[in-house]
Amino acid sequence: MADYAAIIVCAGKGERTGLPYNKIFYRAASKTVLEHCLDKFDCPKIVVCAKNDIERLKEITANFSDVTLTLGGDTRTQSVKAGLKLAKDYKYVLIHDGARPNISKKLINNLITACRQNGSAVPYINVKDTIIQKTDNSFSSIDRKSLMAIQTPQAFDTQKLIKAYSEIDAELTDDSQVFSKVWGDCHYVYGEDSNYKITTSEDLLMFSQKSSCDYRIGFGYDFHKLVKDRRLVLGGVDIPYEYGLLGHSDADVLVHALMDSMLSALGERDIGCLFPDNNQEYKDISSLKLLEKVVSILKNKNADINNISITLMAERPKLNPYITKMKENISYILGISSSLIGITATTNEGCGTIGRGEGITAMSVCQLKL
Ligand code: CTP
Ligand code: MG
C-alpha cells in the first residue's frame, strides 16, 4: 500500500477567472477540474479541502472511494493546515492545488520517489519570458536564469511539514516556503509546462481546448467455442450452464474482447501477443488477472478510460441476471465508475454458429483519454 496521502486544496473562490462559481467546478471533457485532478492520484487517502458547495463536492467525490472531504480555511495556509490533520498518519504527503488539473501521473511518481530520498520534492519550471522589475522610478530586468516558477503537487515528509506549519505563523502562498524556513532548502524536481494553474479566463479556455482533443478509440473482438466440462466465465462471473468456453485461460470472451479494445486504442499489440497460449503461466488463469496487467500498461502510458461499451452474442444461457455483477468486477479492476461501462447481450435469432449455440462472441469498444 502506498505510504503517502494527497491533500487537494479547493477552498478558494476562483475570483480571477471571472466565473460566478469556484473554478474547480468548471467542466471540460465531461469532467470537472477537480475530477481531472482526482483521476491522477493513486494513493490510499486523498483529502479535499473545500469551503462552499459541500453537497456538490460530496456528489463529485462519491465515485472516488479514497477521498475524504474537510473544511478549508479563509487562506490557502489554513486550508493546508486543515488537510494535514487528516493526513498525519501517512509518512509522506503531496499537497496539490485543485486548480492544476493537468498534473500527470508520471510527475506525481517522480515527486514521491524523490521525496522518499530527500524528505521533500518540489516541482519547478524555468521562466521563459524576460522579467522586468518595476520600482517607483525605474524598470530593470532580472536574469531569468536565476528564476524558478514553482508548481504543485509538492511532496514532503509529513511530520516535518506539520512541524514547519506549527512554527511558521505567516500566511505564505506555497508550502515549500513554509518547509524551507524550518528545514532548509527543499529538493527541486523539474515539473511540466502543461501543469499550469488555472487562474484567469484565458487559462480556462486553454484547458477546455486542450481537454477536448486527446481521445483514442479501440475495438476488440473475440469468439470461444462452447464445450462440455468447462466453466462458463463471463466478465469474471461464473455462470451455471451445461457448457463452458474452451480456451487456454478461463476463456472469458468478454474480458478478452475488452482487453483487445483497450490495447488497440493505444496502438499496442493484442492479447495473443501479450499472453501467448503456449505459456503455462496463463493456463486456466482468471482473465481478470490479465486485465490487471493491461490496466498497468494504460497507467504507464498515462491513459485514462473515458468509457467502455461491450456486446455479448450468445444464444443461451440468459445473461441479463449476471450483467450488473460483470460491470462491478470490471469497474473494480479498471478503477472507474460502473456507469462508464456498458454491457449488452443479444442472441443471434437461432442463425449461424452463435444461433446454434456452438460458441459465444464478444465485441468491445473502448475510448481512452491521453
Ligand atoms: N485555496 C484554498 N483555500 C483558500 C484559498 C485558496 O484551498 N482559502 C486553494 C484554491 O482553491 C486553489 C489553490 O489554493 O486550488 C491556489 O489558489 P488560487 O489559484 O489563488 O485559487 P483561488 O483563491 O480560488 O483563486 P482567486 O485567487 O482568483 O480567487
Ligand atoms: Mg487565491
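Throughout, read-outs are computed from the coordinates displayed, never taken from laboratory work. Fair warning: this is a prediction, and the values are worked out from it, not measured in the lab. Virtual Cβ from ideal backbone geometry, glycine too; neighbours counted across all protein chains shown.
Computed on the chain, with alpha-carbon pairs under 8 angstrom and 6+ residues apart, the relative contact order is 15 percent. In order along segment 286-298, phi translates into HN-Hα couplings of 5, 5, 5, 5, 5, 4, 4, 5, 5, 4, 5, 5, 4 Hz, rounded to whole numbers, per the Karplus curve 6.51 cos²θ - 1.76 cosθ + 1.60 with θ = phi - 60° and x for Gly and Pro. The value of relative contact order for segment 1-140, using C-alpha pairs under 8 Å at least six residues apart, is 30 percent. Please give the net charge around Val294, taking every other residue with its beta carbon less than 12 angstrom from that of Val294, where Lys and Arg add +1 and Asp and Glu add -1. Net charge in that neighbourhood comes out at +1.
The residues packed around Leu370, meaning those with a beta-carbon under 14 Å from its beta-carbon, carry a net charge of +4 if Lys and Arg are +1 and Asp and Glu are -1.
Note on the chain: helix-only mean residue ellipticity at 222 nm, from DSSP H runs of 4+ residues weighted -39500 (n - 2.57) and normalised by residue number, equals -9500 deg cm²/dmol. Compared with the direct C-alpha span, the chain from Ile132 to Glu15 gains 39.5 nm at full extension, assuming 0.36 nm per residue.
Pairs of C-alpha atoms in segment 4-208 farther apart than 20 Å represent 57 percent of all such pairs.
Structural descriptor for segment 107-153: relative contact order 38 percent, calculated from alpha carbon pairs under 8 angstrom and at least 6 residues apart.
A DSSP coil position with no more than 12 other Cβ atoms inside 10 Å describes the following GluC sites (Glu not before Pro) in segment 179-285: Glu242. Kindly identify segment 136-209 as rounded, prolate or oblate by the Cα gyration tensor criterion: order the square roots of the eigenvalues as a ≥ b ≥ c, call it rounded if a/c is under 1.5, otherwise compare a/b with b/c, prolate if a/b is larger, else oblate. Judged from the Cα gyration tensor, segment 136-209 comes out oblate (a/c at least 1.5, b/c at or above a/b). Excluding residues on the same chain fewer than 8 positions from Lys13, give the aspartates and glutamates whose Cα lies under 12 Å from its Cα. Answer for Lys13, where 12 Å is the Cα cut-off: Asp53, Asp74, listed by chain and number.
FRET efficiency for the pair Asp3 and Lys58, taken as 1/(1 + (r/R0)^6) with r the Cβ-Cβ distance and R0 = 25 Å, rounds to 0.35.
Amide H to amide H, with H built 1.01 Å from N, Asn306 comes under 5 Å of Gln367, Leu368, Lys369, counting only residues 5 or more places away or on other chains. Return the lysines within reach of Lys91: Cα separation strictly under 22 angstrom, same-chain partners fewer than 8 residues apart disregarded; answer none if there are no such residues. In chain and number order, the partners are Lys40, Lys45, Lys81, Lys105, Lys106, Lys160, Lys163, Lys181. In the neighborhood of Gly191, defined by Cβ-to-Cβ distances under 12 Å, what is the net charge if each Lys or Arg adds +1 and each Asp or Glu adds -1? Result for the neighbourhood of Gly191: +1. Pairs of lysine residues in segment 195-338 that meet both criteria, 8 or more places apart or on different chains and Cα atoms under 22 Å apart, total 18. Among the trypsin sites (Lys or Arg not before Pro) within segment 245-338, those in coil by DSSP and having at most 12 neighbouring Cβ atoms inside 10 Å are Arg269, Lys283, Lys318.
Modelled spin-label separation between Glu242 and Ser146, with each label point placed 7 Å from Cα along the Cα-to-Cβ direction: 8.7 nm. Simple rule: put +1 on each Lys or Arg Cβ and -1 on each Asp or Glu Cβ in segment 215-369, find the dipole, and look at Tyr243, Cys351, Met262; the Cα lying farthest toward the positive end is Met262.
Using 15 Å as the cut-off for backbone N distance, which residues of segment 14-35 belong to the label zone defined by a point 7 Å from the Cα of Ser201 along Cα→Cβ? Zone members listed by number: 15-21, 23. Nearest 10 degrees is fine. How inclined is helix 201-211 to the longest principal axis of the chain, computing both from alpha carbons? For 201-211 against the chain, the angle is about 20 degrees.
Dipole check for the chain: with +1 at the C-beta of Lys and Arg, -1 at the C-beta of Asp and Glu, and the Cα centre as origin, the magnitude is about 280 Debye.
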